[in-house]
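The values are calculated or read from the model by the stated rules, or taken from the named source; none is laboratory data. These numbers come from a predicted model, not from an experiment. Heads up, the Cβs are rebuilt from the backbone with ideal geometry, glycines too, and the neighbour counts pull from every protein chain shown. These area figures cover heavy atoms from the full protein model, side chains too; ligands, DNA and RNA do not enter into them. Shrake-Rupley method; radii C 1.70, N 1.55, O 1.52, S 1.80 Å.
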Amino acid sequence: MPNVPKSTRCRVLRTLGKVKAMEKRPALTKKHKEKRLEWAWAYMKQDFSKVLFTDECRATLDGPDSWASGWVLHGCPPATRVRRQQGGQGVMFWAGIIGKEVLGPFRAADGVKLDSKGYCSFLNENFIPWFSEKSEDEKKTFVFQQDNAPSHASKHTKSWLKDSGIEGAKKMDWPSQFPDLNPIEHYWSILKKEVYGSGRQYNTTNELWTAVESASRRILPDQVEKLTKSMDNRLIKVIEKNGGYIE
């Protein structure tokens with residue numbers, strides 16, 4: 001298109017798509033796919049509005065490198081960006097989503113490792129007070145979801161959850177290689193887009209945490225509900241993909 005202005009060509013390209021980093025996923029074995037299929041069929045009748053989807057997340061001062069690019073006007077120098085090893089320091093936090101509601105995010109103390117005991121102590125401080133306020137009817141239908149991180153799957157954590165009333169049908173089975181099925185992963189994506197918009201970086205972990213809290217408050221209940229309501233469709237897609245990854 002030699003006679004078409006460059007600005008018009010760029011505008012057309014932006015409507016066609018964007019350059020994105022390739023998504024990395026662990027390979028699914030035959031056993032993984034079988035487990036995913038079994039799980040999908042087992043929870044076909046589950047009311048996912050009663051499920052609290054939980055996970056930990058880490059944010060760094062610099063954020064993902066792939067979000068630091070942008071358009072620059074001709075003749076203008078690109079914006080400078082500080083480069084720190086592994087994105088600089090960071091904060092670890094935990095949250096849960098259920099229906100339209102977000103529980104958290106709650107920050108883990110700096111330097112504290114969330115091993116089995118640390119994880120249970122963290123839940124005791126942040127999850128149990130919320131759960132204790134639920135009515136008996138709500139507790140009867142409540143389901144707790146977590147992934148199979150070592151601190152989650154340990155005997156200590158299982159025992160603690162059981163003592164806290166989270167056992168049997170109240171604890172959702174969650175086989176390995178399930179990141180594409182957990183709606184809270186998409187919640188983290190929305191949150192980080194708010195935190196790191198326009199390639200923003202932070203100077204201190206407290207400044208970063210303030211941004212995380214602020215970003216969380218800007219995520220609307222309808223956005224959260226859209227994520228939790230997507231579970232029915234996710235199960236169907238897993239079955240259609242014969243246990244393979246879904247989009």
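Overview of results
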item	result
Relative contact order (percent, whole number), segment 184-247, Cα cutoff 8 Å, 6+ residue spacing	34
Restraint check, LYS192/LYS237; LYS35/LYS193; LYS117/LYS193; LYS30/LYS134; LYS134/LYS241; LYS31/LYS193, Cα-Cα greater than 29 Å	LYS35/LYS193; LYS117/LYS193; LYS30/LYS134; LYS134/LYS241; LYS31/LYS193
Normalised convex hull volume, segment 101-247, alpha-carbon set, Å³ per residue	145
Burial ranking of peptide ranges 175-185, 202-212 (average Cβ count within 10 Å, highest at the top)	175-185, 202-212
Per residue value of the accessible surface for segment 141-247 (all protein chains in place, 1.4 Å probe), Å²	51
Difference of contour (0.36 nm per residue) and Cα-Cα distance, LYS113 to LYS30	26.5 nm
Per-pair calculated FRET efficiency, R0 = 25 Å: ARG58 and ASP232 via Cβ, rounded to 0.05	0.25
Rough spin-label spacing in nm, given labels placed 7 Å along Cα→Cβ, for ASN124 and SER176	3.0
Summed residue charge, Cβ within 14 Å of ASN242's Cβ, Lys/Arg positive, Asp/Glu negative	+4
Vicinal HN-Hα couplings computed from phi for segment 234-246 (Karplus, 6.51 cos²θ - 1.76 cosθ + 1.60; Hz; Gly/Pro x)	5, 4, 4, 5, 4, 5, 5, 8, 6, x, x, 5, 10
Cα pair distances in segment 125-175, grouped into 5 Å bins until the bin that holds the longest one, percent each	4, 18, 29, 29, 13, 5, 0
